[in-house]
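Shown next, in structure tokens, is the structure this report addresses.
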Amino acid sequence: MPKLKKAEFEERYRFREPREQGLVTCVTCNNMAGGVTTEECPAYCEHPERFRKVKIAEYWEGFWGEKGTSHNIASKRVCDGYQSKPLPADVVPITFKEGEGAVLNTQFADCLHVDSNCPYVIEEQRLSKTGEKAKYNRTGEVRIVDITETVPGESHNDACDMPCCESKLQFQIWNPNTYRNRVGIHPNASDPRYFVRNAITRHGNTSNMTYEEAEQFFDLTQVVAGKKDIFQKISAVSDHIHKHANALGSRPLSEATNPIWLWGIFHLFNQSSVGENGGADVWVYDERLFDSRKGLDMPLATMEKIPEGIIPCMDTKGVFRNVKRADFSQRIGERYYLSGILKPLEDRVLLEKGLSHFIDIREVSYKAHEHMWGESGIGFTGLASFHEQ
């Protein structure tokens, strides 16, 4: 293999600041030689693919623009060519089984790793063995996580940027990620989001009620009984729903159990997308399964087959129709979150369109203009501003 000059090496192996915990830096790399902090004993990278060893340093600019003196930055840099030093002989290296990954305690169990040879995973094991503390007084701990249901393109908060993991973690980053944004690693939250089909996300399993039990669950009369004001009542309804209703996933609806609630990944179609005589009171879509950017070729009412990820909802109790809305000037960002009972369809027209289930609406959470919040259901309907709460 031909040797690489400095610029060629750093083009192939990204050279950047390490993650702030500092466990993986040039100092801890097997290819570093020399000192750590002083210029009298500088640090060198002796990676076997380099044409010649290179000083790990940052140079000051001289008075006339020429290269001036340098200072050691080995403790503040890392590259993709990092190679871990051997673990102590009495440490059994972690190996991941099929469908396993890991998150690390020093990284607040946030960044996902999928290669047991990843430098971050190895250094976490070393820290765990020595009993030392990392930044923020964090101890070393490798926590195994199940990744059997992750798919390429899925959204994730953070993912390891080392090549061994990165090549297997083809995620979108959904939340502002300080490290990735600062060092210019992609994907990060500033990258454009794109649609991804992920049909294997599990449904929630908090409860498993019969239709009769679910009907009783959605009677909010007792939930708000004894509460003094509108704020306590709205909060009580919200807590009741989220503690006992199952968040609907993206697996087949036949696998879900009642009661269910539709969280922020589900969106309502407007009337122009539905058309006349659409066969349901409300239509929702799951953004993981239906590409809203592509949209519909024709209204749902005129389609022979309904695309995957679209669910009809029936308002048999008038819950959705009776939602208290904010004043017109306060309806910016208006949003509805539905809960109810999932039932098999009997409507022949909808069955012929390829649908199998519908949601019988029993509760609606309403939000608008940042602080407007309401809950509507059987036995209680209320709306208030939580601006001062």
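The values are calculated or read from the model by the stated rules, or taken from the named source; none is laboratory data. If you're wondering where the values come from, they're calculated on a predicted model, not measured in any experiment. Cβ placement follows ideal geometry from the backbone for every residue including glycine, while neighbour counts extend to all protein chains displayed.
The residues of the stretch 355-366 that are surrounded by 13 or more Cβ atoms within 10 Å (Cβ to Cβ) and over 16 Å from residue 220 (Cβ atoms), listed by number, are 355, 357, 358, 359. When the helices (runs of 4 or more DSSP H) confined to the stretch 208-265 are screened for residues that are closer than 23 Å to residue 312 by Cβ, those reaching at least 1 such residues are found at 211-217, 230-244.
So, residue 12, is that one in contact (Cβ under 8 Å) with a residue 24 or more places away in the chain and touching a Lys or Arg at 6+ places or on another chain (Cβ under 9 Å) or not? Let's see the steps before the verdict.
Details: in contact (Cβ under 8 Å) with a residue 24 or more places away in the chain: yes; touching a Lys or Arg at 6+ places or on another chain (Cβ under 9 Å): no.
So residue 12 does not fit the description; no.
The residue that is surrounded by the fewest Cβ atoms within 10 Å (Cβ to Cβ), among those in the stretch 249-262 that are under 21 Å from the mean Cα position of the chain (by Cα) and over 18 Å from residue 360 (Cβ atoms), is 251.
Assess whether residue 369 counts as being assigned by TED's automatic domain parsing to the domain that holds residue 285 and either buried (at least 21 other Cβ atoms within 10 Å of the Cβ) or at positive phi (or both).
Values: assigned by TED's automatic domain parsing to the domain that holds residue 285: yes; either buried (at least 21 other Cβ atoms within 10 Å of the Cβ) or at positive phi (or both): yes.
Considered against the rule, which asks whether it is assigned by TED's automatic domain parsing to the domain that holds residue 285 and either buried (at least 21 other Cβ atoms within 10 Å of the Cβ) or at positive phi (or both), residue 369 comes out as yes.
Within the option set 97, 3, 85, 76, being in contact with a Pro (Cβ under 8 Å, 6 or more places away or on another chain) and of a type in the set (Lys, Arg) holds for one residue only, 76. Within the stretch 208-235, residues that are free of Cβ contacts under 8 Å to residues at least 24 places away in the same chain and in the same structural domain as residue 379 (by TED's automatic domain parsing) have Cβ atoms under 8 Å from residues that are part of a helix (DSSP H, G or I) and exposed (fewer than 15 other Cβ atoms within 10 Å of the Cβ) in no pair, counting only partners at least 6 apart in sequence or on another chain.
Only residues that are modelled with pLDDT under 90 and of a type in the set (A, V, I, L, M, F, W, C) were counted across the stretch 6-43, and they come to 2.
Looking only at the stretch 114-139, count how many residues are outside any helix (DSSP H, G or I), touching a residue at least 40 places away in the same chain (Cβ under 8 Å) and over 21 Å from the mean Cα position of the chain (by Cα).
So in the stretch 114-139, the residues outside any helix (DSSP H, G or I) come out as 114-118, 131-134, 138-139.
If we keep only those that are touching a residue at least 40 places away in the same chain (Cβ under 8 Å) as well, we get 114-115, 117-118, 134, 138.
From what is left, the residues that are over 21 Å from the mean Cα position of the chain (by Cα) are 117-118, 134, 138.
The qualifying residues number 4.
If you go through the stretch 214-229 and keep only what is surrounded by fewer than 16 Cβ atoms within 10 Å (Cβ to Cβ) and in contact with a strand residue (DSSP E or B) (Cβ under 8 Å, 6 or more places away or on another chain), you end up with 219, 221. Given the condition surrounded by 20 or more Cβ atoms within 10 Å (Cβ to Cβ), farther than 13 Å from residue 21 by Cβ and free of Cβ contacts under 8 Å to residues at least 40 places away in the same chain, answer yes or no: does some residue in the stretch 99-109 qualify? No.
Residues in the stretch 161-193 that are within 14 Å of the chain's Cα centre (by Cα) and assigned to a loop (DSSP other than H, G, I, E, B): 169, 170, 171, 174, 175, 176, 177, 187, 188, 189, 193.
Residues being in contact (Cβ under 8 Å) with a residue 60 or more places away in the chain and in a loop (DSSP other than H, G, I, E, B) are entirely absent from the stretch 1-9. Inclusion of residue 149 among residues that are at pLDDT below 90, acidic (Asp, Glu) and either within 30 Å of residue 202 (Cβ to Cβ) or assigned by TED's automatic domain parsing to the domain that holds residue 46 (or both) is warranted.
Listed by position, the strands (runs of 3 or more DSSP E) contained in the stretch 18-97 that have at least 1 residues being within 21 Å of residue 119 (Cβ to Cβ), in contact with a strand residue (DSSP E or B) (Cβ under 8 Å, 6 or more places away or on another chain) and of a type outside the set (A, V, I, L, M, F, W, C) are 32-34, 43-45, 67-72. Of the residues making up the stretch 119-137, those that are buried (at least 18 other Cβ atoms within 10 Å of the Cβ) and within 17 Å of residue 20 (Cβ to Cβ) are 119, 120, 123, 124, 127, 134. Pairing residues of the stretch 346-371 that are closer than 13 Å to residue 326 by Cβ with residues that are charged (D, E, K, R) and part of a strand (DSSP E or B), at Cβ distances under 6 Å and at least 6 apart in sequence or on separate chains, gives 367/335. For the stretch 355-389, the tally of residues that are assigned to a loop (DSSP other than H, G, I, E, B) and more than 20 Å from residue 279 (Cβ to Cβ) stands at 8. Only residues that are of a type outside the set (Lys, Arg), assigned to a strand (DSSP E or B) and loosely packed, with under 15 Cβ neighbours inside 10 Å were counted in the stretch 315-354, giving 1.
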